1. Once you list every other residue whose beta carbon is under 13 Å from the beta carbon of Gly67, what net charge do they have if Lys and Arg are +1 and Asp and Glu are -1?
2. Calculate the spin-label point distance for Ala13 paired with Arg81, positioning each point 7 Å from the Cα along the beta-carbon direction, and give it in nanometres.
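Here, each number is a calculation from the coordinates, and none is a lab measurement. Everything quoted here is computed from the prediction, not taken from an experiment. Methodologically, a virtual Cβ is constructed for each residue, glycine included, from the backbone with ideal geometry; neighbour enumeration extends over all protein chains shown.
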Amino acid sequence: PDLHGDAHQALAALLLAGLVAPPPPPRNVTAAAAGAAAAAAAAAAEAEAAGSPPRPETWGWEWEWAGGDSVLVQLGDVVDRGDDSLALLGLLERLRAQARAAGGDVVCLLGNHELMNVQQDFRYIARGELRALALAGALPPLWEGAGREGPGEGATRHGRGMEEE
C-alpha cells in the first residue's frame, strides 16, 4: 500500500508481514530506560533552547529486520500527506542494510509522489512534514551515510551510482 508518510500504519503492515521486530530489550531495563529518558529530555531541552521543534518520536524507532531472506518491494508513495516521510525513508534504509546482511533485500521504487517532489511539486506535503524538513538539517542523519554519497559512493545495484555498473 501507499505509505504516504504514515509511519504507524507502515509499521503495522511490516509487523503483520513478519518483516520487522522490535529491538531486544536492554539487559538492565531500569538503567536503560532512565538513560533514554534523560537523553530524550536533554535533546528536547536543546531543541527548545535553539528554537527548534522537538525531534519526531518516529525518528527514534529502532525496529529490526526479521524477514530473513525475504525481499520487501515498496512500490513508491512513501512520501507526502503524512508527517513521517523522512522517518519512513530512514527506517527503510536501515532495514535495507539489515535485510541484505540476512540475505534479503528492501527495494524502494519511485511513485508519483516521489516524482512530484523531484519536480518541485510540493502541494501534498503535510505541515508536520515541513516542520520535520526544517528540523532535519539540525539532527543527525536518519541512517548511516545519509547525505554523504558523492559520485561513485554508496552505489547499489538498484539505482545510485549506475554509471559505474
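1. Details: positive: Arg96, Arg100; negative: Glu64, Asp69, Asp105.
Overall, the nearby charge balance is -1.
2. A separation of 1.0 nm, rounded to one decimal place.
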